[in-house]
Amino acid sequence: MMNRTILGIAGITILAAACSGDDAPPTEEGNWMDKSCSQETVGAPDLRRLTATELQNTIEDIFPELKSLWTRVQLGPDPVSAVGFSNDTSMLSMSEQTAKDWLATAEDVATALTEQSVLTQVLPCSAASANGDCAESFITTYGRRLFHRDLTQGEVQRYADLHVSVSSKSNFANGIKWVLVSMLQSPHATYRPEIGAQDGARRVLKPHEVATSLAYTYAGTAPSEELLAKAESGQLDTAAQRTAAARALLDTPRGKQTVHRFTDEWLDYSRVTSSA
């Protein structure tokens, strides 16, 4: 019997491939990843807003220190597409209510993170050297995780200036709080881009976009530092390398949750438990 991981790979690959002219599925188990298309349609550049689940997973994985202090994002259920999926980018708008819920979530997370006992775990230098250099280390380290790439010098400076502005009127921790609130609301954290760069007649995803797409598609969370480093060093450049990374992600606890969520939304099998 086809196991859940293979089923998940199959379904996600079918949806992502956008093939035409070859609708017959392979008959042997395990051949879904090898399916080739007689025609391929390249998707348009896109910005995908994180789902509530993706935001939840992202915060939990980037800030594991919050496990006992913070519970859930304040976003309501994501709207589902006509075929039942909750990660349809065309449905995931940033409404006024969603923006308010996102802000409330950001403030909850930042408040919990800047409790003294937590902040010293997340940012050890805050205990001994709560200064501009320490604040900048927070900005560069956690900005990279939240934006899925290194921040530009201009971005680092803007957040550093915000920290100075707030902390000068209150304290170091409060400055970090509002820097984090601002980061969590940034479009670079709210959306995951699939824009790429022009390469002749086509566009090619940038390394961090490849890592981000793989992480959220196959594990429903932000790319790890290891995955980002692989992308930046060219270790996700080939189809074989990306396939291996996708399989590795599916084998993680987050990956198994993603497969479960995908198959449930696809087959709606959870209704069986509530049916007579």
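For the stretch 105-119, a residue qualifies if it is without any contact (Cβ under 8 Å) to a residue 60 or more places away in the chain and either in contact with a His (Cβ under 6 Å, 6 or more places away or on another chain) or open to solvent by 50 Å² or more (accessible area, probe 1.4 Å) (or both), and the qualifying residues are 108, 115, 116, 117. In the stretch 186-206, the count of residues that are among the small types (Gly, Ala, Ser), on the phi < 0 side of the Ramachandran plot and in contact with a Ser or Thr (Cβ under 7 Å, 6 or more places away or on another chain) is zero. The condition of being of a type in the set (Asp, Glu) and open to solvent by less than 40 Å² (accessible area, probe 1.4 Å) does not hold for residue 136. Screening the stretch 124-230 for helices (runs of 4 or more DSSP H) wholly inside it with 2 or more residues that are in contact (Cβ under 8 Å) with a residue 40 or more places away in the chain returns the ranges 132-147, 172-185, 187-190, 207-219.
What about residue 236, is it outside any helix (DSSP H, G or I), under 21 Å from residue 45 (Cα atoms) and under 20 Å from the mean Cα position of the chain (by Cα)? Spelling it out, residue 236 is indeed outside any helix (DSSP H, G or I), under 21 Å from residue 45 (Cα atoms) and under 20 Å from the mean Cα position of the chain (by Cα). Would you be able to say whether some residue in the stretch 153-160 is open to solvent by 50 Å² or more (accessible area, probe 1.4 Å) and of a type in the set (Asp, Glu)? No: the stretch 153-160 contains no residue that is open to solvent by 50 Å² or more (accessible area, probe 1.4 Å) and of a type in the set (Asp, Glu). Across the stretch 48-67, not a single residue is classified as modelled with pLDDT under 85 and crowded, with 18+ Cβ neighbours inside 10 Å. Taken over the stretch 81-102, the criterion of being polar (S, T, N, Q) and buried (at least 16 other Cβ atoms within 10 Å of the Cβ) is satisfied by 86, 87, 98. Taken as a whole, the condition of being touching a helix residue (DSSP H, G or I) at 6+ places or on another chain (Cβ under 6 Å), under 22 Å from residue 221 (Cβ atoms), polar (S, T, N, Q) and in contact (Cβ under 8 Å) with a residue 12 or more places away in the chain does not apply to residue 56.
The values are calculated or read from the model by the stated rules, or taken from the named source; none is laboratory data. Predicted model, so just to flag it, every value in this text is computed and none were measured. For neighbour counting, all protein chains shown are included, and Cβ atoms are generated from backbone atoms with ideal geometry for every residue, glycine included. Just the protein is used for accessible areas: all its heavy atoms, side chains included, with ligands, DNA and RNA removed. Shrake-Rupley method; radii C 1.70, N 1.55, O 1.52, S 1.80 Å.
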